[in-house]
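Worksheet: one structure, shown below.
The values are calculated or read from the model by the stated rules, or taken from the named source; none is laboratory data. Values in this document were obtained by computation on a predicted structure and should not be read as measured data. Here the Cβ is made from the backbone with ideal geometry for all residues, glycine too, and neighbour counts use every protein chain on show.
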């Protein structure tokens, strides 16, 4: 597991140490976010590990989507900010109006609003990211990723 506060360079450094220590015993990486996942992928590539073991991330960043399209990252988690922001705005308005915010459920004795994130892989990236207009071809399918996007049916 990559350290929680690992920015990509720090994650790459940490993962490189683990590769040196454990080598081919590493079967995958579960990263707290896409930046740390990308750092781990960079470490595997720098060490010449082929194929890169499955790496998971979180946040559906453009860099992670590109790594998924290229076949280097297994998955990421998409939590569309519009949905989360709209719910947060609703709570803020209710608080300003002196109302008690409404929650759809309770989690650990705390009123909560839960959302269902999407697990994004190469198999569903077109439907979950591009067809839903979360990101566009122009944003993601640049340079070296153009051919891989087209291979997955992602087009302008």
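A few notes on this one:
- Of the criteria (1) more than 10 Å from the chain's Cα centre (by Cα); (2) surrounded by 14 or more Cβ atoms within 10 Å (Cβ to Cβ), which one residue 77 fails: (1)
- Test: residue in the stretch 120-129 that is farther than 30 Å from residue 27 by Cα, in the same structural domain as residue 43 (by TED's automatic domain parsing), assigned to a loop (DSSP other than H, G, I, E, B) and in contact with a helix residue (DSSP H, G or I) (Cβ under 8 Å, 6 or more places away or on another chain): no
- Being in contact (Cβ under 8 Å) with a residue 12 or more places away in the chain, over 14 Å from the mean Cα position of the chain (by Cα) and closer than 21 Å to residue 75 by Cβ holds for only one residue in 52, 30, and it is 52.
- Residue 99 vs. criteria outside any helix (DSSP H, G or I) and over 28 Å from residue 32 (Cα atoms): yes
- Residue list for the stretch 109-156, restricted to those being in contact (Cβ under 8 Å) with a residue 60 or more places away in the chain and in contact with a strand residue (DSSP E or B) (Cβ under 8 Å, 6 or more places away or on another chain): 120, 129, 134
- When residues of the stretch 94-123 are limited to those that are at pLDDT 95 or above and closer than 18 Å to residue 81 by Cα, the one surrounded by the fewest Cβ atoms within 10 Å (Cβ to Cβ): 119
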